[in-house]
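Just so it is clear, none of the values below were taken in a lab; they were calculated from the coordinates. It should be emphasised that the depicted structure is a prediction, and the values quoted were computed from it without experimental measurement. FYI the Cβ positions are ideal-geometry reconstructions off the backbone, even for glycines, and counts take in every protein chain you see.
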Amino acid sequence: MSEQNTEVVTSPAAALVERILAEGPIGMGPAASIIGTFAAGKRVAPSTITRWIGDGVKLAGGRVVRLEAVKIAGRLVTSKQAVVRFIVAQQATAPAPPADTSTPRGPGRRRAASEKAGRELEKLGA
């Protein structure tokens, strides 16, 4: 009778392996197919997926997001869910809309507002 390994997986690398295997590992070609076309209507190349795994994508705040992947027998694999997480992580850093979208006041309006403020200060005794 063989003994089963009942060791609890605790390292981050082991947890990532467990996750990718549970989600169904896919190679770089199928991962590129999930993205489909990108710039100028060209298909995403498998080498682009590999670059996203190694180098990641730098976001506006300087943070780098990498596509999760593991090596199995020297071959990189990821999962569809990992691709989705990679894309979602990039969306969280979308720039907030400007607080004030009104057009700036022209010189005449600025002068009138300044004069009005001056009159109000004189009334207050300042």
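Label region 4-68 by shape, choosing from rounded, prolate and oblate, from the square roots a ≥ b ≥ c of the eigenvalues of the Cα gyration tensor; if a/c is under 1.5 it is rounded, and otherwise prolate applies when a/b is larger than b/c, oblate when it is not.
oblate
Please enumerate, by chain and number, the lysines with C-alpha under 26 Å from the C-alpha of residue 42, excluding those fewer than 8 residues away in the same chain.
Candidates past the 8-residue exclusion: 58, 80.
Ranked from highest to lowest mean number of other Cβ atoms within 10 Å per residue, what is the order of the peptides 107-118, 11-22? Mind showing how you got there, number by number?
Working: 107-118: 10.1, 11-22: 12.6.
Output ranking for 107-118, 11-22: 11-22, 107-118.
If we count every other residue with Cβ under 13 angstrom of residue 22's Cβ, Lys/Arg +1 and Asp/Glu -1, where does the sum land?
Charge balance in the 13 Å sphere: -1.
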